[in-house]
Every structure is written in C-alpha cells, then in structure tokens.
Amino acid sequence: MILWFSLIACLLVSLYLPVLGQQILQRRVIFIDLALAQVAAVGYAIGMALDGNGMLYAAAITAVVVVLLALLPEQSDLPKEAVMGALYALAASLGMMVLAMLPHAEGQMMELLFGSVLGVDETELIIIAVAGATALFLSKQQWGNHFPGRLVFYGALAMAVVPAIYAVGVILVFAMLVMPGLAVWRHGHNGSALQAVAIAALASACGLFFSNQFDFPPSSAVVVFMAALALLWRGFCHWRLCFSR
C-alpha cells in the first residue's frame, strides 16, 4: 500500500509539473522554480525548528516572496535570472543554517532535498491533486506580463511546488519542472506537453520500481530515470529528423 501511495504521488506531480515547467522555459525564467522551491524548503525548515506545520510556514513565506518577485518590473535594470539565482543561494544558505540548529540535522536535510515519498498518506495526495489542478488552471489563463499576470503565474507555480516538495523533495520537483520540458524542446519552442508528461510518468514508475527492488532512495531513482529517458527521447527525435531528410 505504501508503494502504491508513493506511485500515485509521483504520478500526480508528473501530471502538472512538466506542463508548468514548459511555461517556465517559454518565459525564460528558469531560476524561478528553483528559487521558489528553495524558499518553500526554508519554510519547511522553520516549521520543523518551531515544531509547527511545515506546509503552512512554507506557504506563508513563499507567498511573500511571490509578491516581491512579481513587483520586479519587466524592464528592470536588474536581470531577473540573476535576482532569482541570488534568491536561491540565499534561501539555500538560510535553510541549511536553520536545519543545523535541529537535533537530527542531517536526516532533516535529506528529507527536504529528497522528500518523504514513502510516507505520503491520503490527505497529502488530495492536497497535491487539488493544488496541482488549481495551479494548472491559473497558469493557463492569459494574464500578460505585468504585475497581476506575474503575480498569478508565480503564485500558481508556488501553489504547485509547496505540497509537492513535502512529498517528493526539492530535487525531484526541480527535475520534473525542467527535464521533461527540455526533452521535448524543439527549435526554440515548447514541444508536446503530452510527451513531457509521459516522460515524467514513466520515469516515476520505473524509478519507484527500481528503488523498491534494489533499495535506492525513491526520489533519486526517479530523477536518474527521468534524465535517461529525456536523453533517449531527444536522441530518438534527432535520429528520426536526420533520417526523414
């Protein structure tokens, strides 16, 4: 039953994170997902340190950061990617400092990075599903590249990322946002969203089966399989293109 819940959790996030990731690639704001994921991780760390609800702390802190990032104007003198990269570095450092104060810092750090997918329950699955569906709906609306539009898009991304991190960890969330989209990227534009989702879902199933059989960390195994499938798919598409000419 535990493995089935883990599989459902990974399949749920694989249904919406790759699609959101394609929008990130199209907008050329790659660091936004990593920055928000790391900020959410800081919220979880603070929640652990205060014996509170990690998800609530993560949601509150991420919401504040979303507003601040949305306030950054499109024509700002500061490069957006640099700002988001700096935010990621700061959040990662703060997270490590908070975790270092906890009794079992190493274990807590690993849980944040790689999640606790084997401990997911029915309530968490419902939260992941509802948050993901809402995030997808909001991100699909044409809001434009002004403050309200950026606020809604970043907010939708944060809504998807916060519960996903709790289940599968920062590393797998970032991988699902980026790797499937890169695998189907064609001529400077997004490829098929269905193909991206299929790569993430297949990697989830294969990675969890492999980790269960050979006692490897589940999230790490899924990331490795996702990278392999992404490379294989890009290689196949390149080979097909060469032979079709």
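Just so it is clear, none of the values below were taken in a lab; they were calculated from the coordinates. It should be emphasised that the depicted structure is a prediction, and the values quoted were computed from it without experimental measurement. So basically every Cβ, Gly included, is an ideal-geometry build from the backbone, and we count neighbours across all protein chains shown.
Some observations on this one:
- 3J(HN,Hα) along the stretch 154-164, derived from phi through the Karplus expression 6.51 cos²θ - 1.76 cosθ + 1.60 where θ = phi - 60°, amounts to 5, x, 4, 5, 5, 4, 6, 6, 4, x, 5 Hz, with x in place of Gly and Pro.
- On the principal axes of its alpha carbon atoms, the stretch 1-101 extends 51, 35, 19 Å, with the longest extent given first.
- Three-way shape label, the stretch 127-229, alpha-carbon gyration tensor, a/c 1.5: oblate
- Anisotropy class of the chain from Cα gyration tensor, a/c 1.5 cut: oblate
- Highest-MSF residue in the chain out of Gly149, Gly181, Gly43 [GNM, Cα springs under 10 Å]: Gly149
- The dipole here belongs to the chain: it is taken about the Cα centre, uses +1 on the Cβ of Lys and Arg and -1 on the Cβ of Asp and Glu, and is about 1080 debye.
- Cα shape, the stretch 130-182, gyration tensor, a/c 1.5 rule: prolate
- Length-normalised contact order of the chain in % [C-alpha pairs under 8 Å, at least 6 apart]: 29
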